[in-house]
1. Considering only region 44-64, I want to know if a residue exists there that is over 28 Å from residue 239 (Cα atoms) and within 23 Å of the chain's Cα centre (by Cα).
2. Just wondering, is there one or more residues in region 187-197 that are at pLDDT below 85, more than 21 Å from the chain's Cα centre (by Cα), surrounded by fewer than 20 Cβ atoms within 10 Å (Cβ to Cβ) and in a loop (DSSP other than H, G, I, E, B)?
3. Quick check on region 14-60: of everything there that is among the acidic types (Asp, Glu) and in contact with a strand residue (DSSP E or B) (Cβ under 7 Å, 6 or more places away or on another chain), which residue is farthest from residue 266 (Cα to Cα)?
4. Quick one: is residue 57 at pLDDT 95 or above and either at negative phi or open to solvent by less than 60 Å² (accessible area, probe 1.4 Å) (or both)?
5. Across region 244-278, what is the number of residues that are open to solvent by 20 Å² or more (accessible area, probe 1.4 Å), aliphatic (A, V, I, L, M) and within 27 Å of residue 126 (Cβ to Cβ)?
6. Find the residue count for region 33-73, including only residues that are in a helix (DSSP H, G or I) and among the small types (Gly, Ala, Ser).
7. Given the conditions (1) of a type in the set (A, V, I, L, M, F, W, C); (2) surrounded by 15 or more Cβ atoms within 10 Å (Cβ to Cβ); (3) closer than 24 Å to residue 25 by Cα, and given that residue 118 satisfies all but one, which numbered condition is not satisfied?
Amino acid sequence: MTIHAVQVGGPRALVINLDHRGDRRQWMSCSCIPALVEAGADAGILSAVDGATVTEAAGVPWWAISDATLAQVEARWAELFPTEKLPVNEICRYYGRPVNSGEVGIYLSHRQAWKNALGAPWTLILEDDVAPVDFLPKLAPMDNMDERQAREHGVFLQVCRRRWAAIWNTLQQTVDDLRNQSGPQSCWDLLLLGRHRFGEDKPLVGDHDVVRAGFSTCLHAYVVSEKGAQKLLEYTALDRPGAQGVIPIDDLLPLLWSRTHPRKDLELYEQASFDDSR
């Protein structure tokens, strides 16, 4: 896959939200959605899939690895990402257990978002706990604030709205600029806004801040083109030949674009399961 960034004309924005997380839906409906709509987005809330209720999908049966393999993954992680080493107990949190229901729900929720991205030139996809600022003040529940707390809430709300409007405007400018570039950067699938970068990025030619992304996790804010959404739906279809079940999105997507992973078995799975058309 190509990870950078579109055509203009009807871009969308989707916030993925579990129905029972009304607190997050209320906050994003106040702090994010109105600002994006005012800036020109077709924006709304997308009901997430609750993995605890899913019976038609399950994780790959080989996800949990042995203690000996965990040690190998720790060593390979240190080799691939020497400035972002993880201790074996932290690696065990992710790979020493089966794929859980939350990860199944996230996988299916992002597939729902990609389906909703079809028909738009590009779509901003956000998880409902994403924040457009580096600081998060401790706020009281929105329906239980005193006068001082309400004032602080109002100030923070306006900061977030301005940031989301600025992010949307920057996205529009960036995708316009990239569309006018020659070479691979003019044809893109995915643009990462928020992430935890582990692998080394590579520069792209042009007067912009976009890079070819290295291995990255925490994909809570990204833009997908219509072509990219079609590819992702194809790659993540559970009835695709060679598919063996759900692989957590935070591992599968960076594996697809970087073709690198600290787990060698995932690299081998990628090589055996996907063609070279990315």
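The values are calculated or read from the model by the stated rules, or taken from the named source; none is laboratory data. This structure is a prediction, so every number in the text was calculated from the model and none was measured. Every residue, glycine among them, receives a Cβ derived from its backbone with ideal geometry; neighbour counts consider all protein chains shown. SASA here: full protein model, heavy atoms, side chains in, ligands and nucleic acids out. Shrake-Rupley method; radii C 1.70, N 1.55, O 1.52, S 1.80 Å.
1. Checking region 44-64: at least one residue is over 28 Å from residue 239 (Cα atoms) and within 23 Å of the chain's Cα centre (by Cα).
2. No, region 187-197 contains no residue that is at pLDDT below 85, more than 21 Å from the chain's Cα centre (by Cα), surrounded by fewer than 20 Cβ atoms within 10 Å (Cβ to Cβ) and in a loop (DSSP other than H, G, I, E, B).
3. 42
4. No, not satisfied.
5. Final tally of qualifying residues: 0.
6. Here the count works out to 6.
7. For residue 118, the failing item is (2).
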